[in-house]
Amino acid sequence: MGIGGNHFIHAARRNIDLTVIMLDNHIYGMTGGQVAPTTPMHATTQTSPHGNPEPPINACDVAISCGASYVSRWTTAHPKQMRKAIKKAINHKGFSFLHILSQCPTQAGRYIYDTTKPEELLNQLKRLSVTKQKAQKLSKEELAGRTVVGNLHESEDRPELCESIYALMQARKG
Amino acid sequence: MKKIIVDEEYCKGCHLCISQCKKAVLAVSCIRNARGYLVPQANEPENCTGCLQCEMICPDMAIAVEDSADEK
């Protein structure tokens, strides 16, 4: 979302038949644990030793507002649901976006979550996620700090880019 | 009975499979792979229900759960 953000927005706007799977581990892990656009607010990282002053981006809301036609969010603690969602996203005609929350024991675990045990981080992901159906019944205070998972958005209203280009070509041919 | 195959070459010893197994089939073995990680081992394969949670959770795709030959 930080480096490919612009391309992501315009691919979603055009509703091109792409499937984007974003693995979100809340940090730039491979380069040494720098603060990322999805790092939680006030989290300590290598480049924010006094806490992250920025609020994180909600990639699913960005995708929906830009016009993506299939948006879903799952975590690595839900492998079965994730497999179904990936299948659905690939078969979906139009821009499909999957936000997969994953654990990063080496960097995010060390700096943000104070544990480097992968199983603890996995259980935490499961504990803090709440399905879309359950989230509708909960109040805003109860949802604070938790992530809503599930099939967040699906629509067939907008035309797919390639289809509209071919339609235009046919119309111009006469 | 299911047969649980752990590819020792790919395993990085995170033991997520052990934490995910509800039937406690997998356990840490005393076998170290070439990189020095302790690989998991199926201690009680007769308890395996074939839910595939360990196979799906493995970040390195080092686990495969198969039906053993006598069942086929």
*For region B:16-72, what is the relative contact order in percent, using Cα pairs closer than 8 Å and at least 6 residues apart in sequence?*
32 percent
_Classify chain A from the C-alpha gyration tensor, please: rounded if a/c falls under 1.5, else prolate or oblate depending on whether a/b exceeds b/c._
prolate
*Which sequence of A:H42, A:H10, A:H92, A:H50 reflects their accessible areas, 1.4 Å probe, from the largest down?*
A:H50, A:H42, A:H10, A:H92
*Pairwise burial B:A, computed as accessible area of each alone minus the pair, summed, 1.4 Å, Å²*: 700 Å²
*What accessible area per residue comes out for region B:1-58, rounded to a whole number of Å², with a 1.4 Å probe?*
59 Å²
*Amide H neighbours of A:N25 under 5 Å, at least 5 residues apart or on other chains, H built in the peptide plane: list them.*
A:S102
*If a cysteine in the protein assembly as shown has no other Cys Cβ under 4.7 Å from its own Cβ, put it on the list, ordered by number.*
A:C60, A:C66, A:C104, A:C162, B:C11, B:C14, B:C21, B:C30, B:C48, B:C51, B:C58
*If you roll a 1.4 Å probe over the protein assembly as shown with all protein chains in place, what percent of the accessible area is carbon or sulfur?*
54 percent
_For chain A, what does the relative contact order come out to in percent, with C-alpha contacts under 8 Å and a separation of six or more?_
26 percent
*Can you work out ³J(HN,Hα) from phi for every residue in region A:7-21, in order, using Karplus 6.51 cos²θ - 1.76 cosθ + 1.60 and θ = phi - 60°, giving whole Hz and x for Gly and Pro?*
5, 4, 4, 6, 5, 5, 4, 6, 6, 6, 6, 10, 10, 9, 10
*With every protein chain left in place, what is the accessible area per residue of region A:5-111 in square angstrom, probe 1.4 Å?*
48 Å²
*Amide H to amide H under 5 Å from B:C48: which residues, 5+ apart in sequence or cross-chain, H placed 1.01 Å off N in plane?*
B:K2
*A:I3 versus B:C30: modelled label distance in nm, points set 7 Å from Cα along the beta carbon direction*: 4.5 nm
*Enumerate by residue number the trypsin sites (Lys or Arg not before Pro) in region A:144-174 meeting two conditions: DSSP loop (anything except H, G, I, E, B), and at most 16 other Cβ atoms within 10 Å of the site's Cβ.*
A:R146
*Which residues' amide hydrogens lie under 5 Å from the amide hydrogen of A:A43, considering only partners 5 or more residues apart or on another chain, with H built in the peptide plane?*
A:N52
*Using the Karplus curve 6.51 cos²θ - 1.76 cosθ + 1.60 with θ = phi - 60°, work out ³J(HN,Hα) for each residue of region B:9-15 in order, rounded to whole Hz, and write x for Gly and Pro.*
5, 8, 5, 10, x, 7, 6
*Mean-position separation - Cα centroids, region A:31-73 and region B:1-29, in angstrom*: 33 Å
*Per the helix-only calculation at 222 nm, which mean residue ellipticity applies to chain A, given -39500 (n - 2.57) for every DSSP H run of n ≥ 4 and division by its residues, nearest 500 deg cm²/dmol?*
-10500 deg cm²/dmol
_For the protein assembly as shown, give me the percentage of DSSP beta bridges that are antiparallel, rounded to the nearest 5 percent._
50 percent
*What are the ³J(HN,Hα) values, in whole Hz, obtained from phi via the Karplus relation 6.51 cos²θ - 1.76 cosθ + 1.60 with θ = phi - 60°, for each residue of region A:31-43 in sequence order, with x given for Gly and Pro?*
9, x, x, 8, 5, 10, x, 9, 5, x, 5, 6, 7
*From the cross-link list A:K93/A:K137; A:K134/B:K12; A:K84/B:K22; A:K80/A:K117, which pairs have alpha carbons spaced over 27 Å apart?*
A:K93/A:K137; A:K134/B:K12
*So, in Å, what gap is there between the alpha-carbon centers of region A:1-21 and region A:93-168?*
16 Å
*Arrange the residues B:M56, A:M41 by how much accessible surface each exposes, largest first, with a 1.4 angstrom probe.*
A:M41, B:M56
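The values are calculated or read from the model by the stated rules, or taken from the named source; none is laboratory data. This is a predicted model, so every value here is computed, not measured. Neighbour counts run over all protein chains shown; Cβ positions are idealised from the backbone, glycine included. These area figures cover heavy atoms from the full protein model, side chains too; ligands, DNA and RNA do not enter into them. Shrake-Rupley method; radii C 1.70, N 1.55, O 1.52, S 1.80 Å.
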